[in-house]
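**Student:** My questions will all concern the structure given below.
Read the figures in this text as sums done on the coordinates, not as results from a lab. No experiment lies behind these values; they were computed from the predicted model shown. FYI the Cβ positions are ideal-geometry reconstructions off the backbone, even for glycines, and counts take in every protein chain you see.
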Amino acid sequence: VTVTVQRTGGELVTTVSDDGIGGADPTKGSGLTGLADRVAAVDGQLDLHSPPGHGTLLTCRIPVQGQHQPPMSGDGATPLVAALAAGGGQS
């Protein structure tokens, strides 16, 4: 498992990757869904790439403004949240 965290421009970008079997499905269980909800609450974006038979890459992008917390909205839908609403995962 590899985890990276870096600030790029106005975003905090965190990635988590592994070399496992892939096939992560946010519709099975609540872990990825809960994470996507938390990221969306701070106007962030959560992307999942997990093709079956290959590793998984989870990328989280959260806007940052100076030294302050990003604004809260709760209304922003991320691609992962949109995929859940449509009944499938994103690859």
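**Student:** Going through the stretch 18-32 one residue at a time, which ones are under 12 Å from the mean Cα position of the chain (by Cα) and buried (at least 16 other Cβ atoms within 10 Å of the Cβ)? Show your work before the answer.
**Tutor:** From the stretch 18-32, those under 12 Å from the mean Cα position of the chain (by Cα) are 26, 31-32; that's our starting set.
Within the stretch 18-32, 26, 32 qualify.
**Student:** Are there any pairs, at least 6 apart or on different chains, whose C-beta atoms fall under 8 Å, with the first in the stretch 3-21 and assigned to a loop (DSSP other than H, G, I, E, B) and the second surrounded by 13 or more Cβ atoms within 10 Å (Cβ to Cβ), and if so, which?
**Tutor:** Partner pairs satisfying both residue conditions: 10/63; 10/64; 18/55; 18/56; 19/55; 20/55; 20/56; 21/54.
**Student:** Taking only the stretch 22-40 into account, find how many residues are among the aliphatic types (A, V, I, L, M) and in a loop (DSSP other than H, G, I, E, B).
**Tutor:** If we filter the stretch 22-40 for residues that are among the aliphatic types (A, V, I, L, M), which is where we start, we get 24, 32, 35-36, 39-40.
Applying the additional criterion that residues be in a loop (DSSP other than H, G, I, E, B) yields 24.
Qualifying residue count, the stretch 22-40: 1.
**Student:** Go through the stretch 41-64 and count every residue that is over 9 Å from the mean Cα position of the chain (by Cα) and either assigned to a loop (DSSP other than H, G, I, E, B) or closer than 20 Å to residue 4 by Cα (or both). Show your work before the answer.
**Tutor:** First, the residues of the stretch 41-64 that are over 9 Å from the mean Cα position of the chain (by Cα): 41-43, 49-57, 62-64.
Okay, now just the ones that are also either assigned to a loop (DSSP other than H, G, I, E, B) or closer than 20 Å to residue 4 by Cα (or both), so 42-43, 49-57, 62-64.
Residues flagged as over 9 Å from the mean Cα position of the chain (by Cα) and either assigned to a loop (DSSP other than H, G, I, E, B) or closer than 20 Å to residue 4 by Cα (or both) within the stretch 41-64 amount to 14.
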